[in-house]
Amino acid sequence: MAGERVICNRNDVGYIAIRMAMVGGARTVAELKDKAGVCGECEGCKENLEAILASVCSCKTVSLQSVLDAVNAGADTVEKVGEMSQAGTGCGRCQPLIANVIAQGR
């Protein structure tokens, strides 16, 4: 888990705020600008945002694509996604994000 480290140096936006925006449905840098307040242009944003967006579960190193693949294969609960991808089976902090991915299908 990355913890509360600052990602957007220009706007002082931390990792947790970005993950919460993802739980709220943000899946692109443009959506993170709107929902989390990142600038998208500072070195911290350039170096980190795409990787954060691509990851769902850092404990088990599970990508968003792996979770989407599980959902597309029929996993319709957090538990089923965990069985298919291992996402959400570590500390559990990513479970709200997994639930949002299931609900949005993206």
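The values are calculated or read from the model by the stated rules, or taken from the named source; none is laboratory data. Bear in mind that the values here come from a model prediction, so they are computed numbers and not experimental data. Every residue, glycine as well, gets a Cβ built from its backbone with ideal geometry; the counts of neighbours run over all protein chains shown.
In region 72-106, the qualifying residues are those that are in contact (Cβ under 8 Å) with a residue 12 or more places away in the chain and of a type in the set (S, T, N, Q), and the one that is farthest from residue 15 (Cα to Cα) is 77. Residue check: is residue 80 surrounded by 14 or more Cβ atoms within 10 Å (Cβ to Cβ), within 14 Å of the chain's Cα centre (by Cα) and of a type in the set (Lys, Arg)? It is false that residue 80 is surrounded by 14 or more Cβ atoms within 10 Å (Cβ to Cβ), within 14 Å of the chain's Cα centre (by Cα) and of a type in the set (Lys, Arg).
In region 61-79 there is no residue that is β-branched (Val, Ile, Thr), closer than 16 Å to residue 100 by Cβ, out of contact with any helix residue (DSSP H, G or I) (no Cβ under 8 Å at 6 or more places or on another chain) and at pLDDT 95 or above.
The number of residues in region 84-106 that are of a type in the set (D, E, K, R) and loosely packed, with under 14 Cβ neighbours inside 10 Å comes to 1. Pairs linking a residue in region 47-68 that is more than 15 Å from residue 32 (Cα to Cα) and without any contact (Cβ under 8 Å) to a residue 40 or more places away in the chain to a residue that is surrounded by fewer than 18 Cβ atoms within 10 Å (Cβ to Cβ) and among the charged types (D, E, K, R), with Cβ atoms under 8 Å and 6 or more positions apart or on different chains, are 64/27; 68/106.
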